[in-house]
Amino acid sequence: MQKSVKGCVEIIYFYKKYFMLKKCYKEFLIECGTDEAGRGCLAGPVTAAAIILHKPNTLLTKEEKKLEKTLFHAINDSKQLTEKKRFELRPIIESLFDFAYIHIHNQEIDEINILNASMKAMQESVLKLKTQPEHIIVDGNRPLNGKLGMKQNIGKIFSPEEIEILKSIPNTSIIKGDANYLSIAAASILAKTYRDDFMDNIHEEFPMYNWKKNKGYPTKEHREAIRTYGITKYHRTTFRLLPEQLTLDL
């Protein structure tokens with residue numbers, strides 16, 4: 001019996017150590033997590049969100065603590081959240097924490113490329129937060145303060161002050177950060193759901209592409225619709241929309 005109890009304790013410890021997401025990377029700083037969604041799509045925006053889950057010395061009410069615990073367990077219990085679950089968690093996240101999200105639309109993606117657009121979306125979402133973070137953790141392998149002040153014709157142009165703010169905040173890029181840190185995972189939930197909302201709305205305008213289901217990703221159904229109906233004002237023209245791209249009238 002003792003051996004059995006000991007074994008259970010060891011399993012729980014192993015689970016908490018290796019599978020539970022961490023709340024923060026820098027414990028004594030106001031830390032923001034950020035992530036994006038929609039990078040590999042053929043249509044629609046790339047959407048990023050930033051969220052501050054961790055403010056040292058911030059006191060939550062008893063009810064807020066209970067809600068926070070429920071939220072963190074829900075994110076931890078499933079690394080592959082369903083669309084329904086993400087939408088259920090979004091209002092809880094928004095009721096507790098400082099957050100912001102941004103769409104970078106397809107025209108801007110075509111001008112500055114998807115990698116720069118993804119990074120810029122996360123930068124913009126950080127600037128929209130009510131509280132300026134003291135440290136940022138970002139999903140991926142690129143520093144968040146790269147490629148600032150790009151010359152472009154479409155989209156937001158950062159002011160010198162905004163560039164200095166982004167340069168001044170230390171940041172850490174973490175590969176698979178959404179599987180390791182709660183703030184990045186929560187940002188991922190916001191980015192995905194707000195992008196899904198956008199794609200559901202434009203589905204009503206162009207239902208033949210079934211964006212309500214495929215969200216603009218390069219599914220066989222989506223590509224067959226492009227072949228049949230051509231492209232829309234929401235498609236990314238610099239992407240390979242069809243395997244035989246040269247025959248597509250752009």
*In the set THR34, THR58, which member is modelled with pLDDT of 90 or more and not acidic (Asp, Glu)?*
THR34
*Give just the number: which of (1) part of a helix (DSSP H, G or I); (2) touching a residue at least 40 places away in the same chain (Cβ under 8 Å); (3) under 26 Å from ASN214 (Cα atoms) does PHE72 not satisfy?*
(3)
_Can you find, within the stretch 1-31, the residue that is modelled with the lowest pLDDT among those that are aliphatic (A, V, I, L, M) and in a loop (DSSP other than H, G, I, E, B)?_
MET1
*Checking ALA117 against (1) open to solvent by less than 10 Å² (accessible area, probe 1.4 Å); (2) under 15 Å from ILE163 (Cα atoms); (3) not hydroxyl-bearing (Ser, Thr, Tyr), which single condition isn't satisfied?*
(2)
*Could you tell me whether TYR209 is closer than 30 Å to SER95 by Cβ, in contact (Cβ under 8 Å) with a residue 60 or more places away in the chain and surrounded by 13 or more Cβ atoms within 10 Å (Cβ to Cβ)?*
no
_Which numbered condition SER125 fails, given (1) in a helix (DSSP H, G or I); (2) at pLDDT below 95_ = (2)
*Considering every residue within the stretch 159-181, establish whether at least one is open to solvent by 70 Å² or more (accessible area, probe 1.4 Å) and among the small types (Gly, Ala, Ser).*
yes
*How many of the residues making up the stretch 129-173 are part of a loop (DSSP other than H, G, I, E, B) and among the aliphatic types (A, V, I, L, M)?*
7
*Which one of these is in contact with a Cys (Cβ under 6 Å, 6 or more places away or on another chain) and surrounded by 12 or more Cβ atoms within 10 Å (Cβ to Cβ): ALA37, ALA50, ALA43?*
ALA50
*Does the stretch 89-100 contain at least one residue that is part of a strand (DSSP E or B), among the small types (Gly, Ala, Ser) and surrounded by fewer than 20 Cβ atoms within 10 Å (Cβ to Cβ)?*
no
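The values are calculated or read from the model by the stated rules, or taken from the named source; none is laboratory data. Owing to the predicted nature of the structure, the values given are computational and were not obtained by experimental measurement. We place every Cβ from the backbone using ideal geometry, glycine too, and count neighbours over all the protein chains shown. The accessibility values were calculated without ligands, DNA or RNA, using every heavy atom of the protein model including side chains. Shrake-Rupley method; radii C 1.70, N 1.55, O 1.52, S 1.80 Å.
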